[in-house]
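Below is one structure, written out as structure tokens; comments come after it.
The values are calculated or read from the model by the stated rules, or taken from the named source; none is laboratory data. Not measured: the values here are computed from a predicted model. Every residue, glycine among them, receives a Cβ derived from its backbone with ideal geometry; neighbour counts consider all protein chains shown.
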Amino acid sequence: MNTQPCRLYLITPPRIDDLPAFAHQLEEALSAGDVAALQIRLKDISDDNICAAYATLAPIAHAHDVAVLINDRVDLAQKLGADGVHLGQDDMPLRDARKQLGENAMIGITAHNSRHDAMIAGEGGADYVAFGAFFETATKTPKTQATTDILSWWSELFEIPCVAIGGITADNCKPLVLAGADFLAVCGGIWKAPDGPAKAIKALNSAIASVSSAP
């Protein structure tokens, strides 16, 4: 069982139309509270634009001791020297990604709501497994719906961290923390928050802390 406190794992919006403006938002967000990782998850854009986004955003994240991962693309993670990669079930196999990126790279695997897929990832050397979606989300159409039972099961039996994802906000995150999530992956709950990303980061960290400090 992992006894470390739950932390935030940010995911970029699938599109960033104004990179300088988003970089400013990211700086404000990371300055507002604890964040463990940033996943650059950009869809339907060129490799050059993904590389440009990394070149702009990674230095901001690293200045705040935040790891930077690339979604899906092992080749770009290697080319850019990213801290790691997040892979779905249809992406490059974990063993091949590990061989290409090396032992020091952080490799996370989507397990959806499958205990079997999570155990295969754990046995294969994944650094974390991600379960979800737990709530409705406008960021993407989730393939599966997960419940907190899978977080409790995983955290009781395995040392490898688990990530909860899907529609998470400060208002609904507490059951996930109580169930044993090591990280809360958040996208729309930060970048689309009515009061802005910085206040959303503060609210989420406060919600996490209220659970962690409860008797």
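Would you point out which residue out of Asp65, Asp47 is exposed (fewer than 14 other Cβ atoms within 10 Å of the Cβ) and either touching a Ser or Thr at 6+ places or on another chain (Cβ under 7 Å) or more than 22 Å from Leu8 (Cβ to Cβ) (or both)? Lay out the reasoning, then the answer.
Working: Asp65 fails: either touching a Ser or Thr at 6+ places or on another chain (Cβ under 7 Å) or more than 22 Å from Leu8 (Cβ to Cβ) (or both).
Of Asp65, Asp47, the one residue that is exposed (fewer than 14 other Cβ atoms within 10 Å of the Cβ) and either touching a Ser or Thr at 6+ places or on another chain (Cβ under 7 Å) or more than 22 Å from Leu8 (Cβ to Cβ) (or both) is Asp47.
Looking at the range 1-29, which of its residues are touching a residue at least 60 places away in the same chain (Cβ under 8 Å), of a type in the set (A, V, I, L, M, F, W, C) and more than 12 Å from Trp191 (Cβ to Cβ)?
Met1, Cys6, Leu8
If you check Leu184, Leu151, which single one turns out to be part of a strand (DSSP E or B), in contact with a Leu (Cβ under 7 Å, 6 or more places away or on another chain), of a type outside the set (Lys, Arg) and crowded, with 18+ Cβ neighbours inside 10 Å? Working first, answer last.
Details: Leu151 fails: part of a strand (DSSP E or B).
Of Leu184, Leu151, the one residue that is part of a strand (DSSP E or B), in contact with a Leu (Cβ under 7 Å, 6 or more places away or on another chain), of a type outside the set (Lys, Arg) and crowded, with 18+ Cβ neighbours inside 10 Å is Leu184.
Within the range 56-77, track down each residue that is under 14 Å from the mean Cα position of the chain (by Cα) and part of a helix (DSSP H, G or I).
Answer for the range 56-77, where residues must be under 14 Å from the mean Cα position of the chain (by Cα) and part of a helix (DSSP H, G or I): just Ala61.
Looking at the range 103-126, which of the residues that are assigned to a loop (DSSP other than H, G, I, E, B) and within 12 Å of Ile160 (Cβ to Cβ) is nearest to the chain's Cα centre (by Cα)?
Restricting to residues being assigned to a loop (DSSP other than H, G, I, E, B) and within 12 Å of Ile160 (Cβ to Cβ), the top hit is Ala126.
When the range 1-58 is examined, which residues are found to be touching a strand residue (DSSP E or B) at 6+ places or on another chain (Cβ under 9 Å) and modelled with pLDDT under 95?
Asn2, Lys43
If a residue has to be farther than 17 Å from Pro161 by Cβ and either out of contact with any strand residue (DSSP E or B) (no Cβ under 9 Å at 6 or more places or on another chain) or outside any helix (DSSP H, G or I) (or both) to count, how many in the range 82-102 make the cut?
12
Anything in the range 10-51 that is out of contact with any Phe, Trp or Tyr (no Cβ under 8 Å at 6 or more places or on another chain) and polar (S, T, N, Q)? List them, or say none.
Once the filter is applied, which keeps residues that are out of contact with any Phe, Trp or Tyr (no Cβ under 8 Å at 6 or more places or on another chain) and polar (S, T, N, Q), the range 10-51 yields Ser31, Ser46, Asn49.
Please go through the range 179-202 and pick out each residue that is more than 25 Å from Ile150 (Cα to Cα) and of a type in the set (Gly, Ala, Ser).
Matches in the range 179-202: Ala193, Gly196, Ala198, Ala200.
Let me confirm something: among Asp96, Asp90, Asp75, which residue is surrounded by fewer than 19 Cβ atoms within 10 Å (Cβ to Cβ), modelled with pLDDT under 95 and farther than 19 Å from Phe22 by Cα? Outline the logic, then answer.
Numbers: Asp96 fails: modelled with pLDDT under 95; Asp75 fails: modelled with pLDDT under 95.
Residue meeting the stated conditions: Asp90.
Kindly provide the set of residues from the range 3-44 that are of a type in the set (Lys, Arg) and surrounded by 14 or more Cβ atoms within 10 Å (Cβ to Cβ), ordered by number. I'd like the intermediate steps shown before the answer.
From the range 3-44, those of a type in the set (Lys, Arg) are 7, 15, 41, 43; that's our starting set.
Residues satisfying the conditions are Arg7, Arg41.
Please count how many residues of the range 100-143 are surrounded by fewer than 16 Cβ atoms within 10 Å (Cβ to Cβ), on the phi > 0 side of the Ramachandran plot and in contact (Cβ under 8 Å) with a residue 24 or more places away in the chain.
The total comes to 1.
Which of the residues that make up the range 52-62 are more than 19 Å from Leu8 (Cα to Cα) and surrounded by 14 or more Cβ atoms within 10 Å (Cβ to Cβ)? I'd like the intermediate steps shown before the answer.
Within the range 52-62, the subset more than 19 Å from Leu8 (Cα to Cα) is 52-56.
Once the filter is applied, which keeps residues that are more than 19 Å from Leu8 (Cα to Cα) and surrounded by 14 or more Cβ atoms within 10 Å (Cβ to Cβ), the range 52-62 yields Ala52, Ala53, Tyr54, Thr56.
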